[in-house]
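Have a look at the structure below before the remarks.
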Amino acid sequence: MRVAIGSDHAGFELKQHLAEHLRHRGVDVLDLGTDSTESVDYPEFCAAVGRAVVAGDADWGIVLGGSGQGEQLAANKVRGVRAALCNCLYTARMARAHNDANVLSIGARVVGTGVAEEITDVFADTAFEGGRHQRRVDQVMAIERDA
């Protein structure tokens, strides 16, 4: 499994932590920046993660920032991305099981590292349930195609 990960300055330390956590799980991590806590604008890093997922260079992605809101929005601008802001275990599970999310967004100023690890693990380990949820995912993707 390969995961693309990117953040702004507010999410940098959590990005580093989660990248190492994923490596310990045997995951290949594609780090797309940023590389420090120096202030940067998040859209380029989040879009890079989304593009890597859509291109097949990663199985799924993670974007991190202070709240995770802007990062989720930026990633979702990449056609084919279904980024979900998940700051608890329930939303992480539902994002995968019901929405087939392919990018996880976490607010580094919202959750601590332990909870972020758990959110990441739940997201990684939860399969899409398909069934009636597939119809809804298809409808969401149709909105994107028709926009």
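The values are calculated or read from the model by the stated rules, or taken from the named source; none is laboratory data. What you are looking at is a predicted structure, and each value in this text was computed from that prediction instead of being measured. Cβ placement follows ideal geometry from the backbone for every residue including glycine, while neighbour counts extend to all protein chains displayed.
Could you tell me which numbered condition E144 fails, if it satisfies all but one of (1) touching a residue at least 40 places away in the same chain (Cβ under 8 Å); (2) crowded, with 18+ Cβ neighbours inside 10 Å; (3) of a type in the set (D, E, K, R)?
Going through the list (1) touching a residue at least 40 places away in the same chain (Cβ under 8 Å); (2) crowded, with 18+ Cβ neighbours inside 10 Å; (3) of a type in the set (D, E, K, R), E144 breaks only (2).
Select from segment 38-74 the residues that are part of a loop (DSSP other than H, G, I, E, B) and surrounded by fewer than 17 Cβ atoms within 10 Å (Cβ to Cβ) and list them in ascending order. Walk me through it before giving the result.
Step one: of segment 38-74, the residues part of a loop (DSSP other than H, G, I, E, B) are 38-42, 56-59, 66-68.
E38, S39, D41, G56, D57, D59, listed by residue number.
Please work out which one of (1) surrounded by 21 or more Cβ atoms within 10 Å (Cβ to Cβ); (2) touching a residue at least 60 places away in the same chain (Cβ under 8 Å); (3) hydrophobic (A, V, I, L, M, F, W, C) is the condition A124 fails and give its number.
(1)
Would you pick out the residues in segment 83-97 that are part of a loop (DSSP other than H, G, I, E, B) and either under 19 Å from S7 (Cβ atoms) or touching a residue at least 60 places away in the same chain (Cβ under 8 Å) (or both)? Write out each step before concluding.
Of all residues in segment 83-97, those part of a loop (DSSP other than H, G, I, E, B) come to 86-88.
Result: C86, N87.
Within segment 15-37, can you find the residues that are assigned to a helix (DSSP H, G or I), surrounded by fewer than 24 Cβ atoms within 10 Å (Cβ to Cβ) and aliphatic (A, V, I, L, M)? Give the derivation first.
Residues of segment 15-37 assigned to a helix (DSSP H, G or I): 15-24.
If we keep only those that are surrounded by fewer than 24 Cβ atoms within 10 Å (Cβ to Cβ) as well, we get 16-17, 19-24.
Those that are assigned to a helix (DSSP H, G or I), surrounded by fewer than 24 Cβ atoms within 10 Å (Cβ to Cβ) and aliphatic (A, V, I, L, M): A19, L22.
Restricting the search to segment 51-109, which residues are in contact with a Phe, Trp or Tyr (Cβ under 9 Å, 6 or more places away or on another chain) and polar (S, T, N, Q)?
N99, N102
Do we have G80 as at pLDDT 95 or above and part of a loop (DSSP other than H, G, I, E, B) here? If you could, list the steps in order and put the result at the bottom.
Numbers: at pLDDT 95 or above: yes; part of a loop (DSSP other than H, G, I, E, B): yes.
Criteria met by G80.
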